[in-house]
Amino acid sequence: MSVLNFNSSRFVLTGFPGLEDDYHWLSIPFSSIYATIFLGNCMVLHVIWTESSLHQPMFYFLAMLALTDLCMGLSTMYTVLGILWGLIREISLESCIAQSYFIHGLSFMESSVLLAMAFDRYIAIWNPLCYSSILTNNRIIKIGMTVLCRSSLLIPPVIVNLKFLHYCRPHILSHSFCLHQDLIRMACSDIRFNSIYGLALVISNLLLDAVLIFISYIMILHAVLAIGSREERRRSLQTCVSHICAVLVFYIPIIGLTMVHRFGKHLSPWVHVFMGNIYILFPPLMNPIIYSIKTQQIRKRVQRLFYFKGM
């Protein structure tokens, strides 16, 4: 078994320790979660694609978020459900590195999209009359390409270097999927590059995005307070509620998982497993629900969609 052969290129997926006998039951809620992620985000994409009134900058960014969430769900579905259905227990180094690339790359992409959505809300409130002329289709395409390049081109150096590390410690991953932190923890090679570069990526992407989003909302609040009508202030703030919820849903699990990995080495393995799954599954599960409930245009279109299907 690869767990005993430290020179093997295969790694054991921990899954859910202590619940191995209940995997067939545990597969039901997880299958439902993945189905909801797939259907919910596809529904948002379908509604935006087919409803011409939603062909606006705000909903283009929402489509980017839904596509990112959909890919995030698909990136881990194979290993998580494979374990619960008894189909797999191990993963090759190459597959593990590929999955790690997609997980971390999509996390950075979601952070970038949330930042772009914060910029969108600021423009809509600060200068609504020039909103369409500032966020033209051409500019939105450029923002989308910047988000894609920023998220996909900065990660390869640290991920590719995983291939050249020597793994001499037990090949047991602490989750049902591969994370960069898990792999370098098993390496006996010099991991300073991965540690320093990885930290720099987190600071220059996730932390910087969080700071910029926070600053944007300070500016949004300042712009809202300058509006004379109380009703207009309320309506302006309401347009930001969905985005604020999406930001919290994304960043709170990341902070929790980071704290567990950095300072929770003596915590129960269940804490690591729980936080890892929250980090991966919670944002793509909740974002379609948040926007379907809180965004009036999406809510009405979804209601109409189900109404016609029910007839």
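Could you pull out every whole DSSP H run in the chain that spans at least 30 Å of Cα extent along its own axis and averages 1.0 or higher on the Kyte-Doolittle scale?
Within the chain the helices that satisfy the rule are 23-50, 57-84.
Across the chain, the relative contact order, built from alpha-carbon pairs under 8 Å that are at least six residues apart, equals 27 percent.
Here the dipole of the chain is about 720 debye; that uses its Cα centre as origin and unit charges on the Cβ of Lys and Arg (positive) and Asp and Glu (negative). For the chain, the Cys residues with no second cysteine's beta carbon closer than 4.7 Å are CYS42, CYS71, CYS130, CYS149, CYS240, CYS245.
Report, in whole Å, the centroid distance computed from the Cα atoms of the stretch 30-83 and the stretch 274-305. What the calculation gives is 9 Å, centre to centre. Exposure proxy for LEU65, LEU267, LEU135: other Cβ atoms within 10 Å of each Cβ, ordered fewest to most, give LEU267, LEU135, LEU65.
Across all directions, the average projected area of the convex hull around the alpha carbons of the chain is 18.2 nm².
Read-outs throughout are calculated quantities, based only on the coordinates presented, and are distinct from any laboratory measurement. All values derive from a computational prediction rather than experimental measurement. With ideal geometry, Cβ positions are generated from the backbone for all residues, glycine too; neighbour counts draw on all protein chains shown.
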